[in-house]
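Notes to accompany the following structure.
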Amino acid sequence: MTEALLQVEGLRTHFHTFSGTVRAVDGVSFAVGRGEIMGLVGESGGGKSVVGFSLLGLIDPPGRIEGGTIRFDGEDLTAAGEARMRRIRGREIAMVFQDPMTSLNPLHTVGRQMDEVLRLHTDLDAAARRARSVEMLESVGISRAAERLSAYPHQFSGGMRQRVVIAIALLASPRLIVADEPTTALDVTIQSQILKLMRRQIRERGASMILITHDLAVVAEMADHITVLYCGKVVERGPADTVLRRPAHPYTRGLIDSIPNPALRKERLNQIPGMVPDIRNLPVGCNFRDRCPRATALCAEVEPALQDRGSGQWAACHHPLDAAP
Amino acid sequence: MLGYTLKRLLQMIVVLGAVSVIVFLMMSFTGDPVFMVVPIDATEAEIAQARRILGLDRSMPEQYAIFLKGMLQGDFGRSYVFREPALDLILERLPATLEIVVVAMLMSAVVAIPLGVYAGANPGRTESRAIMTGSLVGISLPSFWVGMMLIFLFAVKWNVFPSSGRGDTVEVMGTRWSIFTADGWHHIILPSLTLSLGTMAILLRITRAGMMEVTRQDYMKFARAKGVSRRGVLYGHGLRNALIPVVTIFGLQLGDLIAFATITETIFAWPGLGKLLIDSIYRADRPVIVVYLMLVATIFVVINFLVDILYTWIDPRIRVK
Ligand SMILES: Nc1ncnc2c1ncn2[C@@H]1O[C@H](COP(=O)(O)OP(=O)(O)O)[C@@H](O)[C@H]1O
Ligand SMILES: [Mg+2]
């Protein structure tokens, strides 16, 4: 088996705030294969974005990567200096943010914001950079691309802006795209267009993608593998089909049950009861136990470790779903 | 753009017209200027004649019409004291004031903006706290005290800069400037520094506040995710987004310094507008005061216009209407 493009081991990213240490990401491991789309899911506050920013070395104080390794094509990025990371950002790993209304600089033309990437990461001359930008805008479905280069972000609709953001992310042909809730801020009708566009672009270029979302329906449509995050820890991961069809962790089950999609919904639509615990003050044992229908005394005492469930599926639960409670 | 400029020009004319009315009224209610021109022992007949010559025997609207007509022709009357056209007196002094003010504003911007960007981008650091404390000191110190301290240190104690006067001047475009001679620069430094401190502190704080807001924005992180350096992100993406309030304050301070450089000019015996104004007020030299007020109003109106143009240049979302 060839080595995965990205191999994250025991990643710990903490924020040292006045009100205590936030263990936003606490011992997270996962891998992303070449040409693969990995869905990173979980409720808001679970640490998904922090994982994404950690990969790019964009954790600012009071945050810090406290431990673990991020092996990208064999190189440990947690040990790379800022100069090295600058050459990785945009060129090797690119990012797409949640809100296209705010991720573009309102004062620079779209052309300038695209050109910036090519200036940083290629040796192309001005004419070639322009040609490349036009080509890229066209390939993400923006018409009259040459004209649009001199337009400002506010002259585009939300969906169009996200296309621009995707075009910027793809410009320097990165091998990994981290898309952090790329469709959450968009209208439902536009969401699926953008997702299809992203999938096609990723597949055509043979790139890999980490698709961060709180919406399992999106992951079901897009991902090859799934990693479920809860309170900064991986509670389940495995091939998308397996995890969606036979979830082992009650939390994953809960997420699936709250998808408003008849094709995937097993019972009636229901939200997971209770609230995410305060991440500064996590309970002993399993973090999910207060919201879990299967919790026992054991769950309050011992934190479950990730266990191999066969066929690539792993879950951190004392009472996994396909076993007797 | 042309339509906008014309509209603004019209607006400026209306504002200046209003100012002229206010100035005229103010002048009419502050004593009888006839006593400034007649000798102390003048007879009733002489006073009446002077009154007629000055046009003071006419009705107020008539007087205003005369005042306005003269003004439009660049005739503000002669200074009662110097017996020269008041406008010439003011224009002769204006370059001296402009010199120290422009240098002061440049000093402020060059120091305040980088420090403000630094403090705004690194709010927790000790260096940033030191910068902010320093700026508070800059705001709180009165300029007369700063001026005197600078004279004491640099002129008296260390003897590196002169304490008064303009130094050598050369004639450029019909007026005399110190800014084009080495000796002139030598004289400009201390008064400009004195003028600049307050503005420096204000600009610094405004820049910092803007940058603190801007560094939280997604596009800053997105720019970094593209591989832009930290410095490139701060100056290439951040600063311009924080610039609108900075430019606003810059414009206001510029007008303010031109209008009220008086104290500093007095301390450094700098022969600018401020000194002339003080002298004219003491001697109730009405024409000079009128020119001064109209000039200051014009400068404010013009700066305001330029600042509005700058807005649209900084932020394409701001449309000229
Ligand atoms: N700059 C920060 N300072 C302090 N806490 C932070 C910071 N950024 C994120 N966190 C915390 O880390 C946790 C995970 O956040 P995040 O990764 O944004 O969640 P998600 O993307 O899954 O919604 C949250 O509890 C959040 O409060
Ligand atoms: Mg997030």
Worksheet item: Between B:Ile90, B:Ile151, B:Ile40, which gets the highest mean-square fluctuation from a Gaussian network model of chain B, Cα cutoff 10 Å?
Response: B:Ile40
Fill in: Carbon/sulfur fraction of accessible area - chain A, other protein chains in place, 1.4 Å, %
50
Discussion item. How tilted is helix B:44-54 with respect to the longest principal axis of chain B? Cα atoms for both, answer in degrees (0 to 90, nearest 10).
Written reply: 40
Item to complete: Give me the aspartates and glutamates in straight-line cross-link reach of B:Lys69: C-alpha distance below 18 Å, same-chain residues under 8 apart excluded.
Response: B:Asp57, B:Asp88
Worksheet item: For the stretch A:1-144, what is the relative contact order in percent, using Cα pairs closer than 8 Å and at least 6 residues apart in sequence?
Response: 21
Item to complete: Could you tell me the accessible area of A:Ser44 in Å² (1.4 Å probe, neighbours in place), rounded to the nearest ten?
Response: 100
Discussion item. With +1 assigned to the C-beta of every Lys and Arg and -1 to the C-beta of every Asp and Glu, and no other charges, what is the dipole magnitude of the stretch A:106-192 about the Cα centre in debye, to the nearest 20?
Written reply: 140
Worksheet item: Where both partners of a DSSP beta bridge lie in the protein assembly as shown, what percent of those bridges are antiparallel, to the nearest 5?
Response: 65
Practice prompt. Give the ranking of A:Leu321, B:Leu10 by solvent-accessible surface, highest area first, calculated with a 1.4 Å probe.
Written response: B:Leu10, A:Leu321
Worksheet item: Per residue and in Å³, how big is the convex hull formed by the alpha-carbon atoms of the stretch A:124-252?
Response: 126
Worksheet item: Between Rg and the Kirkwood Rh of the stretch A:107-155, both from Cα atoms, what is the Rg to Rh ratio?
Response: 0.95
Item to complete: Work from the charge dipole of the protein assembly as shown (Cβ charges, +1 for Lys and Arg, -1 for Asp and Glu, about the Cα centre) and give the residue of B:Thr298, B:Ile206, A:Ala297 farthest towards its positive end.
Response: A:Ala297
Fill in: Residues whose placed amide H lies under 5 Å from that of A:Ser208, excluding near-sequence neighbours
A:Gly35, A:Leu176, A:Ile177
Item to complete: With +1 on each Lys and Arg Cβ and -1 on each Asp and Glu Cβ, and nothing else charged, work out how big the dipole of chain B is about its Cα centre, in Debye to the nearest 20.
Response: 1840
Worksheet item: Mind checking the dipole of chain A: about its Cα centre, +1 per Lys or Arg Cβ, -1 per Asp or Glu Cβ, Debye to the nearest 20?
Response: 480
Worksheet entry | Percentage, to the nearest whole number, of Cα pairs in the stretch B:90-241 over 26 Å apart | 42
Worksheet entry | For A:Gln307, residues with placed amide H under 5 Å, excluding near neighbours | A:Ala315, A:Ala316, A:Cys317
Worksheet item: For chain B, what is the convex hull volume of its Cα atoms per residue in Å³?
Response: 178
Worksheet item: In Å, the Kirkwood hydrodynamic radius of the protein assembly as shown over pairs of distinct alpha carbons?
Response: 30.1
Practice prompt. Would you rank A:Arg71, A:Arg34, B:Arg224 by solvent-accessible area, highest first, keeping every protein chain in place and using a 1.4 Å probe?
Written response: A:Arg34, A:Arg71, B:Arg224
Worksheet item: Hey, got the average number of other protein chain Cβ atoms within 10 angstrom for residues in A:98-105?
Response: 4
Fill in: Angle between chain B longest axis and helix B:182-215 axis [Cα atoms, degrees, rounded to 10]
50
Discussion item. Tell me the accessible surface of B:Thr298 in square angstrom (1.4 angstrom probe, heavy atoms of protein chains only), to the nearest ten.
Written reply: 50
Worksheet item: How big is the A/B interface in buried accessible area, both sides summed, 1.4 Å probe, to the nearest 100 Å²?
Response: 2300
Worksheet entry | In sequence order, calculated HN-Hα J values of the stretch A:242-251 (Karplus, 6.51, -1.76, 1.60; Hz; x Gly/Pro) | 4, 5, 6, 7, 10, x, 9, 9, x, 5
Item to complete: Please average, across the residues of A:51-62, the number of beta carbons from any other chain that are within 10 Å of each residue's own beta carbon, and give a whole number.
Response: 2
Practice prompt. Would you kindly compute the Cα radius of gyration of the stretch B:10-57 and its largest Cα-Cα separation (Dmax), both in Å?
Written response: 15.0, 48
Discussion item. Restricting to bridges with both residues inside chain A, how much of the DSSP beta-bridge set is antiparallel, in percent to the nearest 5?
Written reply: 60
Response to the item:
Distribution output for the stretch B:272-316: share of Cα-Cα pairs per 10 Å bin in percent, first bin at 0, values 26, 34, 20, 15, 6, 0
Worksheet item: Can you list the aspartates and glutamates whose alpha carbon is less than 15 Å from that of B:Lys7, not counting same-chain residues fewer than 8 positions off?
Response: B:Asp308
Worksheet entry | In degrees, nearest ten, helix A:126-139 long axis to first principal axis of chain A (Cα) | 50
Response to the item:
Once both label points are put 7 Å beyond Cα along the C-beta direction, the B:Leu56-A:Arg87 separation in nm becomes 8.3
Practice prompt. Rank these residues by their accessible area, most exposed first, probe 1.4 Å: B:Phe268, A:Phe18, B:Phe180.
Written response: A:Phe18, B:Phe180, B:Phe268
Response to the item:
For A:Gly39, other-chain or 5+-apart residues with amide H closer than 5 Å (H placed, Pro excluded) are A:Leu211, A:Asp224, A:His225, A:Ile226, A:Thr227
Item to complete: State in Å² the accessible area per residue of the stretch B:106-166; use a 1.4 Å probe, count heavy atoms of protein chains only, and round to the nearest integer.
Response: 56
Response to the item:
Reduced to Cα centres, the span from the stretch A:1-24 to the stretch B:78-104 in Å works out to 68
Practice prompt. Quick one: Debye curve from the alpha-carbon atoms of chain A only, equal weights, vacuum; give me log10 I(q)/I(0) at q = 0.11, 0.12, 0.13 Å⁻¹ to two decimals.
Written response: -0.72, -0.85, -0.98
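The values are calculated or read from the model by the stated rules, or taken from the named source; none is laboratory data. A quick note: this is a predicted structure, and the numbers were derived from the prediction, not measured. With ideal geometry, Cβ positions are generated from the backbone for all residues, glycine too; neighbour counts draw on all protein chains shown. Heads up: the accessible areas ignore ligands, DNA and RNA and are worked out on the full protein's heavy atoms, side chains in. Shrake-Rupley method; radii C 1.70, N 1.55, O 1.52, S 1.80 Å.
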